[in-house]
Amino acid sequence: MSKKVSVNWDDFEMAFMIGSPDAKYFFHLGTGELKYLSYLDDDKAKEKLLKQTQDDSWIEIPRASTPEGMEEIANFIASEEDPVVKANLEQSLTTAKPLLAFNRALGGATPARKRWTVARITSMHIRLIDFCEAHDLLIEDERFEEIRAALAR
């Protein structure tokens, strides 16, 4: 039977966004509380948070790995129908800083940028639903149900 949990939705959703691999989010299975460990935190703050979240009621929310993120980018590029945009995006990944170059190649308010934004949000929501299903959680928020319905889960 699934466990219903209340969360701060905005914080919970952000925990699944692709970000710094050094950042960590911890979720309390009983209360829905989130704790965030930033790569900017000093050693004392890191030790304190890791100590607070060491019992079994806390679980770390897995971050998308760099290979997973790069696979999402590759899949997005493969789906691009405009050959010029596609070539620019493919070329961006051959640079010394591919993520920065990829974002530059997307441009400002372009159709490709809009599609990428939708793709990132969809990916984030898939990770969120996968996490909840893996831990048998039902989040008490209408946005959770909307996402489940949109993903047919």
Within region 31-59, residues surrounded by 14 or more Cβ atoms within 10 Å (Cβ to Cβ) and either in contact with a strand residue (DSSP E or B) (Cβ under 8 Å, 6 or more places away or on another chain) or in contact (Cβ under 8 Å) with a residue 24 or more places away in the chain (or both) come out as GLY32, GLU33, LEU34, LYS35, TYR36, LEU37, LYS46, LEU49, LEU50, THR53, TRP58, ILE59
Neighbours by Cβ (under 7 Å, 6+ apart or cross-chain): first from region 1-30, within 17 Å of TRP58 (Cβ to Cβ); second exposed (fewer than 12 other Cβ atoms within 10 Å of the Cβ) and acidic (Asp, Glu) | LYS3/ASP136
Test: residue in region 118-126 that is modelled with pLDDT under 95 and more than 23 Å from ASP11 (Cα to Cα) | no
Residue list for region 37-54, restricted to those being within 27 Å of LEU99 (Cβ to Cβ) and in a loop (DSSP other than H, G, I, E, B) | SER38, TYR39, LEU40, ASP41, ASP42
Among the aliphatic types (A, V, I, L, M), over 22 Å from ALA15 (Cα atoms) and out of contact with any helix residue (DSSP H, G or I) (no Cβ under 9 Å at 6 or more places or on another chain) - does that describe any residue in region 75-90?
-> yes
Taking region 13-36 and the residues there that are within 15 Å of ALA64 (Cα to Cα) and in a strand (DSSP E or B), the one that is modelled with the highest pLDDT would be PHE26
Within region 1-12, the residues that are in a loop (DSSP other than H, G, I, E, B), over 10 Å from CYS132 (Cβ atoms) and modelled with pLDDT under 95 are MET1
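The values are calculated or read from the model by the stated rules, or taken from the named source; none is laboratory data. No experiment lies behind these values; they were computed from the predicted model shown. Every residue, glycine among them, receives a Cβ derived from its backbone with ideal geometry; neighbour counts consider all protein chains shown.
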